[in-house]
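Here's the structure we're looking at; comments come further down.
The values are calculated or read from the model by the stated rules, or taken from the named source; none is laboratory data. Just so it is clear, the model here is predicted, and its values are computed rather than measured. Cβ placement follows ideal geometry from the backbone for every residue including glycine, while neighbour counts extend to all protein chains displayed.
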Amino acid sequence: MPAAAAVTEPSPAPVATPTPASPSFGALAGRWYRLNQDRLRATAIGVISLAAFLLVWHLLTTYRVVFFVRFTNVPSPLAVYASFTKAIHDPKFLMHIVFSCRRIFFGFSLAAIVGVPLGLIMGRFKLVHEVVFPVAEVLRPIPAIAWVPMAIMLWPTNEQSIVFITFLGSFFPILVNTLHGMSLVDPVLVRAAQCLGARERSIFREVYFPASLPHIFTGLTIGMGVAWVSLIAAEMISGQYGIGYFTWEAYSLVQYADIALGMIAIGVLGLGSSLLIRGAGQLVMPWRAK
Amino acid sequence: MVRHLPTLSIAMSVTSLALLLAQPATAETVTLGIGTQDTTTNTVTAGVVIRQLHLLEKYLPTDGKYANIKFELEWQNFTSGPPVTNAMMANKLQIGMMGDYPLIVNGFTFESNPESKSRLIGVAAYSLSGSGNGIVVHKDSPYYDLADLKGKLVSVPFGSAAHGMVLKAMQDRGYASDFFQLVSQSPEVGSTNLQEKKIDAHADFVPFAELLPFRGFARKIFDGVETNLPTFHGIVVRTDFAEKYPEVVVAYMKAIIAANQWLRDDPKLAAEKIQEWTGISKEVVYIFLGPSGNMTTDPTIKPALIDAATTDVKVLQNLGRMKEFDPKKWVDDSYIRKAYAEMKLDYDAQLASTKNYEISGEDSFCRKPIVDPRKAGEVWVDDAGILPFASAACTLGAYADLKAKGKKINVAYVFDTTRGIKLFADQAFYAVGAGDVAPFLLKKDAETYATKINGKVLGFDDAVKSAVTGGKT
């Protein structure tokens with residue numbers, strides 16, 4: 001089937017309407033191009049902008065530009081690349097990444113499992129909101145690094161302490177956005193459902209949950225980002241593995257290229273995990289425009 | 001209205017210009033950033049003491065080219081060396097102080113800085129035997145020797161002087177690199193983890209190996225003296241600053257000399273002041289910086305310390321953390337030499353001397369003079385001050401006597417019988433027998449000695465009791 005070839009293209013968009021006659025490769029490619037024109041354009045511009053970023057970074061560090069901001073000792077992209085090639089031949093670097101991803105996965109999943117239902121319940125029942133909200137608002141602004149000593153004392157193992165800090169990072173954005181989504185649910189829809197005889201459980205399932213889903217996913221995306229943000233603080237406890245620990249250790253040995261490599265690795269991993277959540281969002285909410 | 005405005009502004013600028021010209025010369029303000037480590041007790045005489053007593057202001061040059069320069073001192077405090085190096089690289093700090101390993105990393109990192117290099121210009125404090133760094137365990141744990149920690153989780157701040165000590169200790173004993181499960185934790189994280197028994201042992205630099213036992217939850221089982229590798233904290237400067245204002249760097253060296261003198265003039269007062277400024281308990285400060293203490297404050301750059309730095313470089317190279325670096329080329333003793341000369345002091349005599357200042361005076365309990373300070377002891381009585389005693393037995397006897405009189409005792413110190421390092425009396429193990437009381441850091445050493453003298457090993461409380469009944473010499 002020629003259509004299969006089109007489907008395996010890296011595009012989740014449903015393309016290639018089944019045609020009885022086998023069209024020429026050129027025609028297929030043309031149609032694929034027309035359908036994905038916007039996406040291709042965005043990708044191309046993205047690549048160009050990243051390349052420009054690298055070029056500017058390269059130039060600023062090569063010529064050690066000092067223009068209020070000083071690039072004298074900032075590592076160049078080539079130095080970071082050298083660190084990178086060294087790192088990928090080191091099995092330890094892979095371990096760092098695996099450990100961090102696992103911690104983020106557990107911390108974030110727990111935050112989603114606790115945060116979303118809690119937000120939904122808080123949005124529906126005023127008393128729960130009144131009880132939980134003040135506590136959440138006090139705990140929310142506390143930076144991850146301040147939690148380090150408490151996290152060590154609270155949990156029996158260090159791995160749990162680390163997961164706890166990433167959990168805290170993602171929990172509050174998820175909770176707050178879920179709450180926000182609940183507060184925006186159109187009361188007319190709720191009343192309509194009630195008039196049609198829907199019970200509480202059905203209203204929750206059919207009205208509140210789908211209506212606040214977009215905000216829940218916003219919360220999940222932000223929460224995932226913040227989980228990575230709190231990674232360095234969390235992995236200060238680790239002492240052995242994790243990309244945050246890698247960056248921290250590079251700092252304690254003043255190795256600037258490795259610090260930059262750690263930063264970029266966190267950035268790329270963060271981007272990847274945000275894309276995963278966005279993808280999941282599209283699967284769950286097919287009615288939403290891209 | 002609008003028409004008046006330009007006239008007004010012109011008049012104003014003319015006036016201000018006139019004012020500007022009327023001044024003889026504009027005073028230039030130069031900011032000098034100094035990175036200190038207040039909580040790292042053996043750097044205090046190069047940092048917090050100078051800051052609090054305004055010693056640098058006293059020595060700053062004011063004549064010649066400095067007549068019109070006003071120095072603004074910007075002191076910044078850090079808990080470890082690397083952030084100081086980072087701020088020095090960024091030219092936010094011109095002078096910084098840190099332990100031996102971070103110092104080498106500092107010198108090496110500056111090699112690639114096109115604006116400036118860094119130079120080691122003086123020493124804050126040192127211990128030729130490597131005391132100051134140590135390994136502590138939780139006080140309830142069954143570990144009494146490094147060998148007991150086989151396969152256990154040991155944390156140490158990587159890249160610190162304590163890390164160097166651990167590696168040297170492992171090398172000395174022929175342990176494989178996986179003998180411990182060695183992980184990196186900062187002092188803050190490691191201390192909390194040890195308290196919570198999440199790790200089996202924590203190795204750290206000054207003052208943690210003494211501070212944590214003093215806080216009551218840890219026990220020291222290894223002291224850096226066992227490695228016999230010198231350790232020190234030193235002062236580094238950016239060469240671009242030092243070349244432009246050499247007299248200021250000399251003034252800084254003079255301030256360190258003055259701070260050391262202030263410390264030795266009244267160690268008890270110094271310890272109390274340092275507690276007030278840094279938050280480190282005075283009893284802990286005193287064990288390092290007091291007479292016969294575990295650190296010697298001496299700004300001269302001794303060859304033995306630079307040899308140790310060369311060894312440290314090799315350790316870092318073996319870990320793949322450093323390329324070529326020669327500590328000998330990185331030392332610049334011209335400033336400290338000049339400071340000594342201008343203060344009419346003999347640099348070479350001080351350089352050759354490795355003497356600390358020692359406990360002296362008259363033992364008020366056993367009624368005899370103190371002849372061997374490293375066999376002596378001290379008791380810090382809250383209102384009466386720090387009293388010296390001639391031997392461990394006298395110290396314990398006096399301790400019981402003072403207690404009986406209802407005095408409040410802060411702390412008592414004795415010395416390890418074989419290693420000569422100062423110990424908290426209540427943390428030591430005592431080999432008691434045949435009228436002899438011999439304190440030890442390690443239980444194992446006390447046991448060996450007790451077998452030799454046909455005695456037994458006692459804890460502090462029992463040793464005090466035995467000193468009252470018959471240990472008096």
Among the candidates B:Lys273, B:Lys268, which residue alone is surrounded by fewer than 21 Cβ atoms within 10 Å (Cβ to Cβ), part of a helix (DSSP H, G or I), touching a Phe, Trp or Tyr at 6+ places or on another chain (Cβ under 8 Å) and of a type outside the set (S, T, N, Q)?
-> B:Lys268
Out of (1) under 29 Å from A:Thr157 (Cβ atoms); (2) surrounded by 23 or more Cβ atoms within 10 Å (Cβ to Cβ), what's the single condition that is false for B:Arg238?
-> (1)
Give the residues of the stretch B:399-419 that are over 19 Å from B:Phe440 (Cα atoms) and either among the polar types (S, T, N, Q) or touching a strand residue (DSSP E or B) at 6+ places or on another chain (Cβ under 8 Å) (or both), sorted by residue number.
-> B:Leu402, B:Lys403, B:Lys407, B:Lys408, B:Ile409, B:Asn410
Kindly check whether there is at least one residue in the stretch A:187-197 that is buried (at least 20 other Cβ atoms within 10 Å of the Cβ) and more than 14 Å from every other protein chain (Cβ to nearest Cβ).
-> no
Meets criteria (among the aromatic types (Phe, Trp, Tyr), touching a strand residue (DSSP E or B) at 6+ places or on another chain (Cβ under 8 Å) and over 22 Å from B:Lys368 (Cα atoms)) for B:Tyr430 | yes
Inside the stretch B:321-356, can you point out the residues that are farther than 23 Å from B:Gly159 by Cα and of a type in the set (Lys, Arg)?
-> B:Arg337, B:Lys338, B:Lys344, B:Lys355
Which of the residues that make up the stretch B:180-218 are in contact with a Lys or Arg (Cβ under 8 Å, 6 or more places away or on another chain), part of a strand (DSSP E or B) and closer than 16 Å to B:Lys152 by Cα?
-> B:Gln181, B:Ala201
Residues satisfying the stated conditions in the stretch B:205-221, i.e. closer than 17 Å to B:Thr39 by Cα and either free of Cβ contacts under 8 Å to residues at least 60 places away in the same chain or away from chain A (no Cβ under 13 Å) (or both) | B:Val206, B:Pro207, B:Phe208, B:Ala209, B:Glu210, B:Leu211, B:Leu212, B:Pro213, B:Phe214, B:Arg215
Looking only at the stretch B:355-404, which residues are touching a residue at least 60 places away in the same chain (Cβ under 8 Å) and assigned to a loop (DSSP other than H, G, I, E, B)?
-> B:Asn356, B:Tyr357, B:Glu358, B:Ile359, B:Ser360, B:Cys366, B:Ala376, B:Ser391
Can you name the residue in the stretch A:79-97 that is free of Cβ contacts under 8 Å to residues at least 60 places away in the same chain and more than 13 Å from every other protein chain (Cβ to nearest Cβ) and, of all such residues, is nearest to A:Ile266 (Cα to Cα)?
-> A:Leu94
Pair list, Cβ < 6 Å and 6+ apart or interchain, from the stretch A:200-222 residues that are within 17 Å of A:Asp186 (Cβ to Cβ) and free of Cβ contacts under 8 Å to residues at least 24 places away in the same chain to residues that are in a helix (DSSP H, G or I) and not hydroxyl-bearing (Ser, Thr, Tyr) | A:Ile203/A:Ala193; A:Val207/A:Leu189; A:Val207/A:Val190; A:Val207/A:Ala193
Among the residues of the stretch A:30-78, write down those that are without any contact (Cβ under 8 Å) to a residue 40 or more places away in the chain, surrounded by 13 or more Cβ atoms within 10 Å (Cβ to Cβ) and in a loop (DSSP other than H, G, I, E, B).
-> A:Asn36, A:Arg64, A:Val65, A:Phe71, A:Thr72, A:Ser76
Identify all residues within the stretch B:146-184 that are more than 20 Å from the chain's Cα centre (by Cα) and within 18 Å of B:Phe78 (Cα to Cα); write none if there are none.
-> none
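From the list A:Val66, A:Val74, exactly one residue is closer than 30 Å to A:Ala265 by Cα, within 31 Å of the chain's Cα centre (by Cα) and either modelled with pLDDT of 85 or more or within 14 Å of another protein chain (Cβ to nearest Cβ) (or both). Which is it?
A:Val74 is the lone residue from the list that is closer than 30 Å to A:Ala265 by Cα, within 31 Å of the chain's Cα centre (by Cα) and either modelled with pLDDT of 85 or more or within 14 Å of another protein chain (Cβ to nearest Cβ) (or both).
Counting only residues that are free of Cβ contacts under 8 Å to residues at least 40 places away in the same chain and out of contact with any helix residue (DSSP H, G or I) (no Cβ under 9 Å at 6 or more places or on another chain), how many does the stretch B:149-167 have?
3
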Within the stretch B:61-78, how many residues turn out to be over 17 Å from B:Ala242 (Cβ atoms) and surrounded by 14 or more Cβ atoms within 10 Å (Cβ to Cβ)?
-> 4
Tally, over the stretch A:238-289, of residues that are within 14 Å of another protein chain (Cβ to nearest Cβ) and outside any helix (DSSP H, G or I) = 8
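For residues that are more than 22 Å from B:Pro267 (Cα to Cα) and surrounded by 13 or more Cβ atoms within 10 Å (Cβ to Cβ), tally how many sit in the stretch B:366-387.
Filtering the stretch B:366-387 for residues more than 22 Å from B:Pro267 (Cα to Cα) gives B:366-368.
This time we only want the ones that are surrounded by 13 or more Cβ atoms within 10 Å (Cβ to Cβ), so: B:366, B:368.
Summing the residues that are more than 22 Å from B:Pro267 (Cα to Cα) and surrounded by 13 or more Cβ atoms within 10 Å (Cβ to Cβ) in the stretch B:366-387 gives 2.
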In this structure, is B:Ser160 buried (at least 24 other Cβ atoms within 10 Å of the Cβ) and modelled with pLDDT of 90 or more?
-> no
Mind checking whether some residue in the stretch B:74-81 is within 11 Å of chain A (Cβ to nearest Cβ), over 18 Å from B:Trp262 (Cα atoms) and within 21 Å of the chain's Cα centre (by Cα)?
-> yes
Taking the stretch B:88-111 and keeping only residues that are over 18 Å from B:Gly132 (Cβ atoms) and within 11 Å of chain A (Cβ to nearest Cβ), one is left with B:Met88, B:Met89, B:Ala90, B:Asn91, B:Lys92, B:Val105, B:Asn106, B:Gly107, B:Phe108, B:Thr109, B:Phe110
Pick from B:Ala169, B:Ala124, B:Ala147: which is among the hydrophobic types (A, V, I, L, M, F, W, C), under 30 Å from B:Ile256 (Cα atoms) and either more than 12 Å from every other protein chain (Cβ to nearest Cβ) or not in a strand (DSSP E or B) (or both)?
-> B:Ala124
Identify all residues within the stretch B:41-73 that are touching a strand residue (DSSP E or B) at 6+ places or on another chain (Cβ under 7 Å) and within 27 Å of B:Phe232 (Cβ to Cβ); write none if there are none.
-> B:Asn42, B:Thr43, B:Thr45, B:Ala46, B:Gly47, B:Val48, B:Arg51, B:Leu56, B:Leu60, B:Leu73
How many residues are within 14 Å of chain A (Cβ to nearest Cβ) and more than 23 Å from B:Arg215 (Cα to Cα) when one looks only at the stretch B:172-200?
-> 6
Scanning the stretch B:308-346 for residues that are charged (D, E, K, R), assigned to a helix (DSSP H, G or I) and in contact (Cβ under 8 Å) with a residue 24 or more places away in the chain gives B:Asp312, B:Lys338, B:Glu342
Checking B:Leu229 against (1) within 14 Å of another protein chain (Cβ to nearest Cβ); (2) within 22 Å of B:Pro102 (Cα to Cα); (3) outside any helix (DSSP H, G or I), which test does it fail?
-> (1)
